[in-house]
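See below for the structure under consideration.
Please treat every number below as a calculation from the coordinates, not as lab data. Everything quoted here is computed from the prediction, not taken from an experiment. Here the Cβ positions follow ideal geometry from the backbone for every residue, glycine too, while neighbour counts run over all protein chains shown.
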Amino acid sequence: MPEELLNYRTLQVVVTLVLGLSVLAGLVFHLWRISRPVQKIEDLATVPLADVLAAVKREIEAATPYLSTEDLPLASVKLELQVVVLEGTSGEGKAMLLPLGITTKASASEVTSRTQTVTVLLEPPSPNITKSEIDLTKLGLASAIRAVHEGLRSGMNQPPRLEPKKIEIVLAFGVKRQTASSSGLELKAFGGALTTTTDIDATQKIELVFAQAKTAVTSKEVSGWD
């Protein structure tokens, strides 16, 4: 048998074997996906809405000394939260959020259909702490807000100087469980694309409006921190 023919047949056998193994692996994976039990949202390690609001308020308070300017102060803070209402053991409803990075088998359709959008408009607090008392390296959301704000201010101060009357900063963030944190939660601003359906459904948004008094949101339209 010529050597060229032998090499050709050997290559055919190898290619056939590789293709067969690939098909078998795909079949096994498909059977595993359809056979595994679908996890319910009730079984996930969700985070109480009240705890998330408290964490956001702490980080905004920490960022406030870096944001306060006489010409364009922080006028309002708006949160857009993705909330799932679950039934408690006693039958009462509980407003919960999905944290980032959870391992879930819950179907994407169930998560999406049961997620509601809640909008909260808040009046920012008056600064009662100084910059020297704050470590923003441990506060992901506050650190991101400060970085964006400082970048905008620096850019506007470059010639030709612009005098804006209103600035809006919108950031997407998520909640992560952090046992080392005093609150047990970490607010993480997104720096890249989301990769999973769960992370997309767990995306929260915060909007900060900086405006002069005549264009600022009036006190009748906002609620306080408490």
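Odds and ends about this structure:
- Between region 137-179 and region 11-29, the alpha-carbon center distance in angstrom: 52
- Ranked packing of 140-150, 110-120, 48-58, 17-27, most packed first, by mean Cβ within 10 Å: 140-150, 48-58, 110-120, 17-27
- Summing Lys and Arg as +1 and Asp and Glu as -1 over all other residues whose Cβ lies under 11 Å from the Cβ of Lys94 gives a net charge of -3.
- Equivalent-ellipsoid semi-axes of region 44-101, from the Cα gyration tensor, Å, largest first: 32, 11, 9
- Residue pairs, from the table Lys78/Lys166; Lys57/Lys205; Lys57/Lys138; Lys57/Lys176; Lys176/Lys205; Lys165/Lys205, whose Cα atoms sit over 18 Å apart: Lys165/Lys205
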